[in-house]
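Have a look at the structure below before the remarks.
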Amino acid sequence: MVREYDTWEWHNVYNDIYPKHLNDLFIIYGGRRFVEHISYYLERVYNSIFNSKEELVLDLEKERIDRYYRQKKKGVVIRQVDGFNLCIVHADKYHSESGMRLGEDFPEADIVVIMNIGDNKMSFRTAKPDVDVSEFAKQYGGGGHAQSSGAPVNRTVIEKFLRDVFDAKD
């Protein structure tokens with residue numbers, strides 16, 4: 001389920017909301033409490049993983065994520081770099097979900113770039129099977145998976161990225 005969430009298979013292939021909900025609860029509960037809590041359900045009642053309180057919490061979390069996403073979507077910049085159409089946004093959370101949604105809302109984008117200057121990282125996402133963001137990330141000192149990669153942000157990396165983005169405009 002972790003891979004399904006990270007690679008968006010939960011949405012793009014299986015249309016199964018459970019991996020996303022489990023990820024949301026992991027963030028809300030924290031690692032230790034999540035494992036203790038979910039283990040109880042997995043051992044006893046696999047088909048009823050979420051109780052009514054958790055369903056409510058997940059609904060509230062979905063509303064919060066939706067508000068956050070709508071706000072971030074307003075700040076998107078589309079640019080071409082190295083032959084790729086980039087959808088660039090600044091976001092400090094919900095990288096996987098934001099990447100997936102931006103890819104859907106901006107189908108012309110090959111790569112979604114999520115800048116998080118405060119945490120000194122950039123995330124790269126794609127839902128396109130012919131695009132390998134881990135290769136793109138290497139030029140910024142990063143790497144990862146074909147559909148989900150990242151790079152650390154330092155002065156050198158950010159200057160190179162900004163040069164690449166703004167030089168591509170000319």
Of LYS72/LYS138; LYS53/LYS128; LYS62/LYS138, which pairs sit farther than 30 Å apart, going by alpha carbon to alpha carbon? LYS53/LYS128; LYS62/LYS138
Taking a cut-off of 18 Å between Cα atoms, list the lysines near LYS74, but don't count ones fewer than 8 places away on the same chain. LYS93
Zone of TYR29 (label point 7 Å along Cα→Cβ, backbone N under 17 Å): which residues in the stretch 47-78? 47-62
Do you know the relative contact order of the stretch 78-170, to the nearest whole percent, from alpha carbon pairs under 8 angstrom that are 6+ apart? 23
Sort 74-87, 124-137 for me by packing, meaning the mean count of neighbouring Cβ atoms within 10 Å per residue, highest on top. 124-137, 74-87
From the helices alone, meaning DSSP H stretches of at least four residues, give me the mean residue ellipticity at 222 nm for the chain, per-run term -39500 (n - 2.57), in deg cm²/dmol to the nearest 500. -16000 deg cm²/dmol
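At R0 = 41 Å, how high is the FRET efficiency between ASP16 and ASP164 if r is their beta carbon distance? Nearest 0.05 is fine.
0.65
Using Cα pairs closer than 8 Å and at least 6 residues apart in sequence, work out the relative contact order for the chain, in percent.
After rounding, I find 14 percent.
We did not get these values from a lab; they are worked out from the coordinates using the rules stated. Bear in mind that the values here come from a model prediction, so they are computed numbers and not experimental data. Neighbour counts are summed over all protein chains in view; Cβ atoms, including those assigned to glycine, are modelled from backbone coordinates with ideal geometry.
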